[in-house]
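Contents: one structure, followed by commentary.
Every number here is computed from the coordinates shown, using simple stated rules; none is lab data. Only a predicted model underlies this, so the values are computations on that prediction, with no experimental measurement involved. Neighbour counts run over all protein chains shown; Cβ positions are idealised from the backbone, glycine included.
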Amino acid sequence: MQIAALDGIRLNYRIDGNPAGAPVVFGNSLGTDLRLWDKVLPLLPKGLKYIRYDKRGHGLSDAPPPPYGMGALVTDVEKLMEHLGVQGAVFVGLSIGGMIAQGLAAKRLDLVRAMVLSNTGAKIGTREMWQDRIDAVNAGGLAAVVDPTMQRWFSKPFHETDEFHAWRNMFLRCPADGWTGCGAAIAGTDFMTTTSALRLPTLGIAGSEDGSTPPDLVRETTALVPGSEFQVIRGAGHLPCVERPEEYARILSDFLTRQGLGA
């Protein structure tokens, strides 16, 4: 593990690949840590620098008291990238990680040369919906929301696998403060206008069975950026990098190659 002591927050991060290579930064979903990308990274182009991190309230990073603002989550990764001397990265963000990607691109285009908006939206759900979930977690812990979340996240066949139970356990072990804090950040975010103003290479990736951010939402968000691309991974839910890592890696690798990265 590597810990970056930033201004007011300690973030866990990991670097794989070539330390001198062009940077690719990954942002995780709500309720997962940087292991989300374990099956994809070995399949991506060699020679690049792959940076993963646990956002605040997740994994081995600090979990300050909730609520969090999306601005704080964007600032966290901005400071991490500055700490690592990273500029001009491709930012791959899934779910709330995709919202962070949009916010960072709007704030610091020098840090982001291209972005991948995976299973995300410019706006996800409503304040009322998120408040109901936050209230449930405050009352009963993550066990109060785990089963409906897993239904939205994974395709039915995946529920029959042993790996499904590992992801369910990861979700349950997320700090409740981290989950509710980031849930509040999602609830308060509407990037429709912000993302519409962005002008950078953008790829959207959706899962056909995603019950959290359905393909139409991802498509509409991606289309806010002129010239963007969009792909649907069939048979996958909210975490296609888990259910269909080979296809996910192929789509991502092709995009990286078109940005002049990889081979």
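The Cβ shell under 9 Å around Tyr13 holds other residues with a net charge of +1, Lys and Arg each +1, Asp and Glu each -1.
Given +1 at the Cβ of Lys and Arg, -1 at the Cβ of Asp and Glu and no other charges, the dipole of the stretch 120-186 around its Cα centre is 180 debye to the nearest 20.
Label zone of Glu128 (point 7 Å out along Cα→Cβ, amide N under 11 Å): in the stretch 166-191 this covers no residue at all.
Of the residues Arg52, Arg108, Arg219, the one that moves most in a GNM of the chain with alpha-carbon contacts below 10 Å is Arg108. Adding -39500 (n - 2.57) for every DSSP H run of four residues or longer, then dividing by how many residues the chain holds, sets the calculated 222 nm ellipticity at -11500 deg cm²/dmol. Between Asp162, Asp76, Asp38, the GNM of the chain built on Cα springs shorter than 10 angstrom shows Asp162 fluctuating the most.
If you count Lys pairs in the chain whose Cα atoms are under 29 Å apart, skipping same-chain pairs closer than 8 places in sequence, the total is 17. Residue-normalised convex hull volume from the C-alpha trace of the stretch 142-191: 89 Å³ per residue.
For the stretch 132-263, the orientation-averaged shadow of the C-alpha convex hull comes to 9.2 nm² (one quarter of the hull surface). The Cβ shell under 14 Å around Pro65 holds other residues with a net charge of -1, Lys and Arg each +1, Asp and Glu each -1. Neighbours of Arg108, meaning other residues whose beta-carbon lies under 10 angstrom from its beta-carbon, give a summed charge of -2 when Lys and Arg score +1 and Asp and Glu score -1. Distances between placed amide hydrogens fall under 5 Å for Ala63 paired with Gly57, all partners being 5 or more residues away or on another chain. Rounded to the nearest Hz, the phi-derived 3J(HN,Hα) couplings of the stretch 143-148 under the Karplus curve 6.51 cos²θ - 1.76 cosθ + 1.60 (θ = phi - 60°) are 4, 6, 10, 5, 5, x, where x marks glycine and proline. With the simple model of a label 7 Å out from the Cα in the direction of the Cβ, Gln259 to Glu220 spans 2.6 nm. Any idea how far apart Ala139 and Met192 come out in nm if each label point goes 7 Å out from Cα toward Cβ? Label at Ala139, label at Met192, 3.1 nm between them.
Amide H to amide H, with H built 1.01 Å from N, Val25 comes under 5 Å of Ile51, Val90, Phe91, Val92, counting only residues 5 or more places away or on other chains. Backbone amide hydrogens, once placed in the peptide plane, bring Leu203 within less than 5 Å of Met115, Val116, Leu117, Glu229, excluding anything fewer than 5 places away on its chain. On the beta carbon distance between Glu163 and Leu109, with R0 = 45 Å, the FRET formula returns roughly 0.75. Length, then width, then depth: along the principal axes, the Cα atoms of the stretch 4-48 run 34, 25, 10 Å. For the chain, the percent of C-alpha pairs falling in each 10 Å distance bin, counted from 0 to the bin holding the largest distance, reads 7, 34, 40, 18, 1, 0.
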